[in-house]
Each structure stands twice: as structure tokens, then as C-alpha cells.
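Read through the structure below, which is laid out as C-alpha cells, and then see the notes.
The values are calculated or read from the model by the stated rules, or taken from the named source; none is laboratory data. Every value quoted in this text rests on a predicted model; they were computed, and no experiment measured them. Note that we place each Cβ from the backbone using ideal geometry, even for glycine, and neighbour counts take in every protein chain shown. What goes into the accessible areas is simple: the full protein's heavy atoms, side chains included, and nothing from ligands, DNA or RNA. Shrake-Rupley method; radii C 1.70, N 1.55, O 1.52, S 1.80 Å.
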2 protein chains.
Amino acid sequence: MDNAALYNISYGLYVVGTKIDGKNAGCIVDAFIQSTSAPVPTVILCSIQANQTNAAIKQTGEFMVSILSADVDPFVIGNFGFQSGRDVDKWANVPHKFVEGLPVLDKAVSYFRCKVTDFKELSTHTVFFCDVIGAERGEGEPLIYGDYQKFMKPKTLEAFKQYKQTGKAPSTYAKWVCTVCGYVYDGDVPFEDLPDDWKCPLCGAPKSAFVKQ
Amino acid sequence: MDNAALYNISYGLYVVGTKIDGKNAGCIVDAFIQSTSAPVPTVILCSIQANQTNAAIKQTGEFMVSILSADVDPFVIGNFGFQSGRDVDKWANVPHKFVEGLPVLDKAVSYFRCKVTDFKELSTHTVFFCDVIGAERGEGEPLIYGDYQKFMKPKTLEAFKQYKQTGKAPSTYAKWVCTVCGYVYDGDVPFEDLPDDWKCPLCGAPKSAFVKQ
């Protein structure tokens, strides 16, 4: 028996957003499927029992699912996958909004609100059966887990390492905008680390003309 | 609420192989995930209650999952997805082998044997909880359901239409081999429909030098 045969099961990647004791919680998941479409859409989520998100879902019975896009910043994956919500407010590190009180990624391909109707404990995971009670589409193509493994994992590890070393989430999340022409800085170097004589590549305005948004 | 937001959940495509009353059964599925890995790998399959495959799984408690490859012949998808096993022996239409008595696609990226440990009925589907009791890797990359929708659906419909019109599965499944040089015919035209003066493109042997394997 070659257990690696199971690696060929295809998944997307998703960020669960929920609450525990009134605080934001969340984690990354892949084992998530739609189970029926009628009379209401239902989904199944497998969640690791030891995760804070698992306890959060059990406490409130509700969560949001944000579908990661193929061009997601790799840091988002490390942020939600490589640390515990018991130690850090993961949502503070990424651009997000609240929909009916629950956090959703700004750049989700789609997001939907799930209401738990039943659950079943397996050895290490809980299987949550849920009704989908809200759903909205965004932009972009969904990230495939296999592509993350093939193309994105080293960048994810590097982005997370930098975050742990500096204590700062990537500056790509602090949006710096030129007040002269509206250009939005999106370089790999954190905006704060650009040299003082750096200029807006669009209109030539000085670095000081940029504001954080 | 935009239900189409759920279309961005990513899946693979799989052929379930099982038995009912001693006969082969099977269908295509997408809602299939690994749910735990320890102490044994477990998986979850959502299966439409009305399908013969659902009854077959309930009868025997076991099934095989063949993971479709990205270069799968589109007919395989139509064969297992667009008709009922109550009307036709689907497995007779595609190249397959038997592993411990259950049918598996010859060209599966991986396949594994699942043993049902529990199940739960939803509105239209049954959720099967299973231990994985055997698993083997083949070749190739898994097909992503979104890519099937984008690139392969018209070919699938066309291949299935031809099959329904002619009553014959595509000749690509009947492997014709040149007895002189070993060349394997893989053209789009069914081998039987090639003109009598057709010659082996490799060694020039006549059509009559080919044998069906």
C-alpha cells in the first residue's frame, strides 16, 4: 500500500474565518467539498480537532470560507497555516473585511457563510456538515493545492520566515499610494525599506508623497 | 446569495469501481476528500442516492477510486457520468483491470480501495466514511474539475454522442498494433473505418498486418 497515492486527490485551498470568545479566529483548510445542492447547498469541512478554529466553530456554529486565488500572496497561506490563533491574531496580518460579523479575505475568489447542522468526530479531525446560508463571488481563479505544492511552497516558507524574523506582515499588505498620481506601490521590497531618493515610477513624485492606506 | 460562488470549490475527478449482485458497477464523482491520515488514512465520498453505484457500495461496503489523469480520454468521463449502470456495463467500454476483484482504470493516476466504516444520508446524497485499505500510484497528473469544465466538456459531449449513435466505444480503446514493427495506432478515426489501402505510418505494412489487442 502506497499512501502517497492519496496525494493525487485534488483540493483547493481555503481560509476559514470564525470567532471564539468574541475574537477573530481562522485557519487554512483543503478538505472541503460541496455535498448537496438541494434543497439548500450543503458543504462538508474537515477540521483538525487540536486547532483553535475547531473550537471556535463548535462555539458559534458558524464560519466563513474564503477561497484563495491562484495569485494569492504566499504569506496569506503561511499566516493561516503555520501558526496558531492562540498566539497571534492572524486576521490582523492580512487585508480583510467583515461580512455579518465574520472575517473574509479581501481578495477571495468567492466566500460563503456556513452554518453547522451536524458534526462527527474522526480520529484527529472533526467533520462538520453545514448549510450554506450566504455566498458571494469575487474575482480570479481558485488556487489548486497541487499548484501550491509545486510552485508556491518555497515562497510561502520564505515569506513566513521573514515575518517571524521581523515581526511584521509583508508590506504588500500596507498599501502605499502616491498622492500625486494614485500609483499603488506593489514591489517586493517593503515600502519602508526603499531608499530615500526612490521616486514614484509613474509620475516621479518623491517617496514622501506616498501615504499608507 | 450567489450560489455560483460554490463553483469555485476545487475538485478532482474520480471513477468509482464497485460491484452489485456480482456485476461491475461504477460512476464518476468529484466530491471526494481525504479526512484523516492517522492511525489509518480515511476518506469521505459523497454519492448520489439514486445512482446504482450508491446501492452497490451499500451492498458490498467496498469500492475502488481511480483518479482520472489530466490527459484522460474524454469518453471515459461521458461513459461513467452520462449513463446509468442499470442500462449498460460501463466498465466494458474502457480499458481496465481488476485489483482484488474490483475494477480500476488502466490509466488512473492513482487508485485506492476504500472500506466503508459509516455513512450518513443527506437530502440527495449519501456521505460515506471509509478507511483506505489499499493504494497504488500510477503515472501522470490528476485532472482538475475546473479544467474539465473549461477545456474538456465539449469533447466529452461529442465523444459520448458518437458512442450513443454508433453503439461503439471509441476505437482508441481497442488497441490496434502493427505485427511488423509494433506501432500502436492512436488516430482519431476508428481503426475499422480507415481505408483499405491505409498503411502503417512507421513501417509501411498494410492495414491487414494490424491486430486488435
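Brief remarks follow.
- On the stretch given as the range B:7-56, residues that are touching a helix residue (DSSP H, G or I) at 6+ places or on another chain (Cβ under 7 Å), open to solvent by less than 20 Å² (accessible area, probe 1.4 Å), in a strand (DSSP E or B) and among the polar types (S, T, N, Q) total 2.
- Restricting the range A:92-112 to residues that are among the β-branched types (V, I, T) and touching a helix residue (DSSP H, G or I) at 6+ places or on another chain (Cβ under 8 Å), the residue that is surrounded by the most Cβ atoms within 10 Å (Cβ to Cβ): A:V109
- Qualifying residue in the range B:83-96 (condition: at pLDDT below 95, part of a strand (DSSP E or B) and not assigned by TED's automatic domain parsing to the domain that holds B:D186): yes
- Top-ranked residue in the range A:113-155 [being among the hydroxyl-bearing types (S, T, Y) and under 15 Å from A:Y14 (Cβ atoms); ranked as nearest to the other protein chains (Cβ to nearest Cβ)]: A:Y145
- Out of B:A108, B:A92, sole residue that is more than 14 Å from every other protein chain (Cβ to nearest Cβ) and among the small types (G, A, S): B:A92
- The conditions of being of a type in the set (G, A, S) and at pLDDT below 95 are not met by B:G134.
- Within the range A:148-188, the set of residues being within 30 Å of A:T42 (Cα to Cα) and either exposed (fewer than 15 other Cβ atoms within 10 Å of the Cβ) or more than 17 Å from the chain's Cα centre (by Cα) (or both) comprises A:Q149 only.
- Pairs, first more than 7 Å from chain A (Cβ to nearest Cβ) in the range B:1-21, second open to solvent by 20 Å² or more (accessible area, probe 1.4 Å) and not aliphatic (A, V, I, L, M), C-beta under 6 Å, six or more apart: B:L13/B:D30; B:L13/B:Y145; B:K19/B:T60; B:I20/B:Q59
- With respect to (1) farther than 22 Å from A:S35 by Cα; (2) in contact with a Phe, Trp or Tyr (Cβ under 8 Å, 6 or more places away or on another chain), the lone exception for B:T126 is condition (1).
- In the range A:100-109, the count of residues that are modelled with pLDDT of 95 or more and in a helix (DSSP H, G or I) is zero.
- Search result, residues across the range B:73-82 that are modelled with pLDDT under 95 and closer than 20 Å to B:A31 by Cα: B:P74
- Residue count, the range A:40-56 (criterion: aliphatic (A, V, I, L, M) and either more than 10 Å from every other protein chain (Cβ to nearest Cβ) or over 24 Å from B:D30 (Cβ atoms) (or both)): 3
- Listed by first and then second residue, the pairs linking a residue in the range B:113-125 that is open to solvent by 90 Å² or more (accessible area, probe 1.4 Å) to a residue that is part of a loop (DSSP other than H, G, I, E, B), with Cβ atoms under 8 Å apart and 6 or more places separating them unless they lie on different chains, are B:K115/B:G61.
- Matching residues, the range A:69-114, being within 12 Å of the chain's Cα centre (by Cα), farther than 14 Å from A:L143 by Cα and polar (S, T, N, Q): A:N79, A:N93
- Qualifying residue in the range A:70-89 (condition: within 9 Å of another protein chain (Cβ to nearest Cβ) and either among the polar types (S, T, N, Q) or buried (at least 16 other Cβ atoms within 10 Å of the Cβ) (or both)): no
- For the range B:189-199, taking the residues that are open to solvent by less than 80 Å² (accessible area, probe 1.4 Å) and more than 30 Å from the chain's Cα centre (by Cα), the one that is nearest to B:A159 (Cα to Cα) is identified as B:P195.
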